[in-house]
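Worksheet for the structure shown next.
The values are calculated or read from the model by the stated rules, or taken from the named source; none is laboratory data. Everything quoted here is computed from the prediction, not taken from an experiment. Heads up, the Cβs are rebuilt from the backbone with ideal geometry, glycines too, and the neighbour counts pull from every protein chain shown. Surface accessibility is based on the protein's heavy atoms, side chains included, excluding ligands, DNA and RNA. Shrake-Rupley method; radii C 1.70, N 1.55, O 1.52, S 1.80 Å.
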Amino acid sequence: MAEPATLLVADDDPGLRESLERTLTREGYRVVLASDGRAALERVQAGGVDLIVTDLRMPGLTGLEILLTAFGTVEEAVKAMKDGAYDFLTKPFRREQLIKLVDKALERRDLIEQNKELKKQLEDIRAKGQMIGSSPAYRRMLSLVEQVADSSATILIQGESGAGKELVARTIHERSGRRAGPFVAVNCAALPETLLESELFGYEKGAFTGAAGRKEGRFELANTGTLFLDEVADLSLVTQPKILRVLQEGEFERLGGTRTLQVDVRIVAATNQDLAEMVKEKRFREDLYYRLNVITVRVPPLRERHEDIRLLAQHYLRVYAAKNGRKLESFSNEALERLESYKWPGNVRELENLIERTVLLARKDRIDAEDLPEEVAGVKRPPRDAILELVGTPLAEIEQRLLDETLRITGGNKTQAAKLLGIDVRTVARKLERREDDQAEGPDRS
Ligand SMILES: Nc1ncnc2c1ncn2[C@@H]1O[C@H](COP(=O)(O)OP(=O)(O)OP(=O)(O)O)[C@@H](O)[C@H]1O
Ligand SMILES: [Mg+2]
């Protein structure tokens, strides 16, 4: 559990100060006291105070002055008020009112802190490049990329569709000694065999009907740089040995040409298929597989990078809000939870598209759960979270609430409720009887 929050209670009335201290301490908060504005300000500036509960009128400094001094500027203070981290009560007030307000303010404060932290992380990322991700899985991948980028080794990037394979390939190029050279990408799935070969190797004049002039292929264009073979599993069994030869000898001929050309190209390949399995099924050459797969970088799917969902969502919110001239700054906590619960079969690309759509359709300046598309908004929170939320609640109370809720669902039918709860119906009856007895003794137990 987190440390209890520290509240500073500032009031010149000693009676009220002590009663507030008692109330808030009983709620589990740490309470520190100040008897006037100046003492309060000193205590705040010493640090470690999460929330101030202050009287507005006090000798020395007023509550408002403390607020302004603590925030530095009027704008900041006003913003904090708008964010709901600030509220007021008129004396006399009831204890419950105060407790509710304190809880709410602390919750808002946590959100604001989280937002600041996210913004900071995003700025760090922007300074370093575009690969967003701080989850353990993504960081592990990034450190492997760092380690292997600056070599001439062939790299095979494996990962689901939309997971960010091309981004990894570009990053490898940028962080290699070849960064001054070209980065050339070829999608092996996009073209039929002969067209693909003429793209890759180029052709001489008259190599085939329509070859009016000579054309340099992508291997030549990528000389001194990196050639990215995307969707490499789609290479035909005819083209595969020709690629293997370039990998092994660094040489090839243009289509219709006799001259052997030499190139200095580093190959980075990507696939979302299981190449090893394809080798077993003889759909992919084993020798080419081993040549390509000197080093494998596995890009984890988004659902294995839980921590990155928030970061990416915030990032794309900014990008698309700016692009469309919208004033959208944040997600509600619930919206973020929904985004985190979703499985993201289309990975980062799906997230990006979804945020773009959501930004276009948003009507407020904050994205709430109901603004999200159905497939995401409809996701129930995993039961794990529901349990976690109950931590801190006495077992007896959980039992009561669970029993009540179950009976409500069964329309008061004790037999059905007992079945759902996995207990004997007599136990249900006994629990209800006992509660009636307790209530007969009166609710006042304080
Ligand atoms: N870590 C990341 N940080 C920021 N943006 C990312 C990240 N990973 C992926 N993206 C973005 O997600 C989109 C999809 O990434 P990319 O095209 O690299 O995926 P892919 O694995 O090559 O997908 P496909 O298999 O569909 O070709 C791109 O717009 C890319 O910029
Ligand atoms: Mg791709």
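With all protein chains present, how much of the accessible area of the chain (probe radius 1.4 Å) comes from carbon and sulfur, to the nearest whole percent? Here carbon and sulfur together make up 50 percent of the probe-accessible area.
Of G325, V376, L361, which is farthest on the positive side of the dipole of the range 303-377, counting Cα position, with +1 on Lys and Arg Cβ, -1 on Asp and Glu Cβ, and the Cα centre as origin? So the residue we want is G325. Charge dipole (Cα centre; +1 on Lys/Arg Cβ, -1 on Asp/Glu Cβ; no other charges) of the chain amounts to roughly 860 debye.
Using a 1.4 Å probe, what is the accessible area per residue for the range 137-300, in Å²?
Values: 7830 Å² over 164 residues.
Accessible area per residue: 48 Å².
Per-residue ellipticity at 222 nm from helix content only, as computed over the chain with -39500 (n - 2.57) for each DSSP H run of at least four residues, stands at -15500 deg cm²/dmol. Magnitude of the charge dipole for the range 384-441, about its Cα centre and with charges confined to Cβ atoms of Lys, Arg (+1) and Asp, Glu (-1), is about 340 debye. Put +1 on the Cβ of each Lys and Arg and -1 on the Cβ of each Asp and Glu in the range 6-112; which of L67, M81, A39 then has its Cα farthest toward the positive end of the dipole? Projecting each Cα onto the dipole axis, the largest value belongs to M81.
Got the relative contact order for the range 6-112 handy, in percent, Cα pairs under 8 Å and 6 or more residues apart? The value is 25 percent.
When only C-alpha pairs under 8 Å and at least 6 residues apart count, what is the relative contact order of the range 137-300, in percent? Kindly include the intermediate steps, with their values, before the conclusion.
Values: 309 pairs, mean separation 56.5, N = 164.
It comes to 34 percent, rounded to a whole number.
Contact order for the chain, expressed relative to its length and based on alpha carbon pairs under 8 Å spaced 6+ residues apart, stands at 12 percent.
Filter the chain for me: DSSP H helices, axial length by Cα at least 15 angstrom, mean Kyte-Doolittle hydropathy not below 0.0. List them by residue number.
Details: long enough: 14-26 (18 Å, -1.02); 95-128 (50 Å, -1.16); 136-149 (19 Å, 0.13); 306-323 (26 Å, -0.38); 347-361 (21 Å, 0.06); 395-409 (21 Å, -0.08); 425-440 (23 Å, -1.52).
Those that pass (Cα extent of 15 Å or more, hydropathy at least 0.0) are 136-149, 347-361.
For the range 384-441, just say rounded, prolate or oblate: build the C-alpha gyration tensor, square-root its eigenvalues into a ≥ b ≥ c, call rounded for a/c under 1.5, and beyond that prolate if a/b exceeds b/c, oblate if not. Before the final figure, lay out each step's value.
Numbers: a/c = 2.16, a/b = 1.22, b/c = 1.77.
Oblate.
Net charge dipole, the range 1-124: roughly 300 debye, given to the nearest 20, about the Cα centre with Cβ charges of +1 for Lys and Arg and -1 for Asp and Glu.
Partner lysines whose Cα lies under 27 Å from the Cα of K364, excluding those fewer than 8 positions away in the same chain, are identified as K79, K82, K100, K104, K116, K119, K120, K323, K327, K343, K380.
Indicate the gyration tensor shape class of the range 223-350 (rounded, prolate or oblate), computed on the Cα atoms with a ≥ b ≥ c the square roots of the eigenvalues: a/c under 1.5 is rounded; otherwise a/b larger than b/c is prolate and the rest oblate. Can you show the working numbers first?
Details: a/c = 3.72, a/b = 2.14, b/c = 1.74.
Judged from the Cα gyration tensor, the range 223-350 comes out prolate (a/c at least 1.5, a/b above b/c).
Toward the positive end of the charge dipole of the range 384-441, with +1 on the Cβ of Lys and Arg and -1 on the Cβ of Asp and Glu, the farthest Cα among A396, G422, L407 is that of G422.
Rounded, prolate or oblate: which fits the chain when a ≥ b ≥ c are the square roots of the eigenvalues of the alpha-carbon gyration tensor, with rounded for a/c under 1.5 and prolate only if a/b beats b/c? Because a/c hits 1.5 or more and a/b exceeds b/c, the chain counts as prolate. Loop-resident chymotrypsin sites (Phe, Trp or Tyr not before Pro) (DSSP state other than H, G, I, E or B) in the range 25-124 with no more than 14 further Cβ atoms inside 10 Å of their Cβ: F88, F93.
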